[in-house]
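> Here you go, one structure.
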Amino acid sequence: MTPQEQANLAHLRRARDLIDRDYARPLNVPAMAAGALMSPAHFSRQFKAAYGESPYNYLMTRRIERAMALLRGGASVTDACMEVGCTSLGSFSSRFTEIVGMPPNEYRAREHSAVQAMPPCIARLRTRPARKLSRQAEQD
C-alpha cells in the first residue's frame, strides 16, 4: 500500500468516525467529504471502495441502528425518527423497513427481552442491521 493510499484510508476513517459520532446531526456528502479532505465525488467513490457502501447508506444504517435501540427501549416511532436526525417520518419508515425487513411499529411491538439480557457489546453485534437484498438482487 502506498503512502497516499494509507493517508486516504486515514481520512476515510476520520469521515466514518464523524458519521458514527454525529449521525443525528444534518450530514450530507459534502460535509463528510470535507472531514476526509476530499472532493465529494472522490470521497463517495473511495468510501464505497473501502467500506462496501456509499457514505449516505452508511449514515442511514447508523441512524436505523440507533433507532432500533430506541424502539427496543419503548420510544415511539416518531420520537425515534426525530432523535436519530431524520426529518421525514415516511422516509424514515421506508428506510427502516428496507434495512430491517419490517416496519418500525412492528419492530417496536416485538419482544426484545433476550436483547436486554445480553451484554451491550454482544447486543450491538447481534442487532446491527444488515441491508436486505431486493428480490432482483437475490435473483442475480
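> For the pair GLU5 and ARG110, how long in nm is the line joining their label points, each one 7 Å along Cα→Cβ?
Calculated label separation equals 3.9 nm.
> Let me ask you something else. For the chain, what does the accessible surface come to per residue with a 1.4 Å probe? Please give it in Å².
Value for the chain: 60 Å² per residue.
> Helix 55-72 against the longest principal axis of the chain: what's the angle in degrees, Cα atoms only, rounded to the nearest 10?
The helix 55-72 is inclined about 20 degrees to the chain.
> Which whole-Hz couplings ³J(HN,Hα) result when phi for each residue of segment 17-24 is put into the Karplus expression 6.51 cos²θ - 1.76 cosθ + 1.60, θ = phi - 60°, listed in order with x for Gly and Pro?
5, 4, 5, 4, 7, 10, 4, 7
> Another one. Tell me what the chain gives for mean residue ellipticity at 222 nm when only DSSP H runs of n ≥ 4 count, each as -39,500 (n - 2.57), the sum divided by the residue total, rounded to 500 deg cm²/dmol.
Counting only the DSSP helices, I get -21000 deg cm²/dmol.
> What is the percent carbon and sulfur in the accessible area of the chain, measuring with a 1.4 Å probe over the protein chains and ignoring ligands?
For the chain, the apolar C and S fraction of the accessible surface comes to 52 percent.
> Once both labels are modelled 7 Å past Cα along the beta-carbon direction, what's the SER76-ASN28 spacing in nm?
3.0
The values are calculated or read from the model by the stated rules, or taken from the named source; none is laboratory data. As the structure is a computational prediction, the values presented were derived from the model and not from experiment. Neighbour counts run over all protein chains shown; Cβ positions are idealised from the backbone, glycine included. SASA here: full protein model, heavy atoms, side chains in, ligands and nucleic acids out. Shrake-Rupley method; radii C 1.70, N 1.55, O 1.52, S 1.80 Å.
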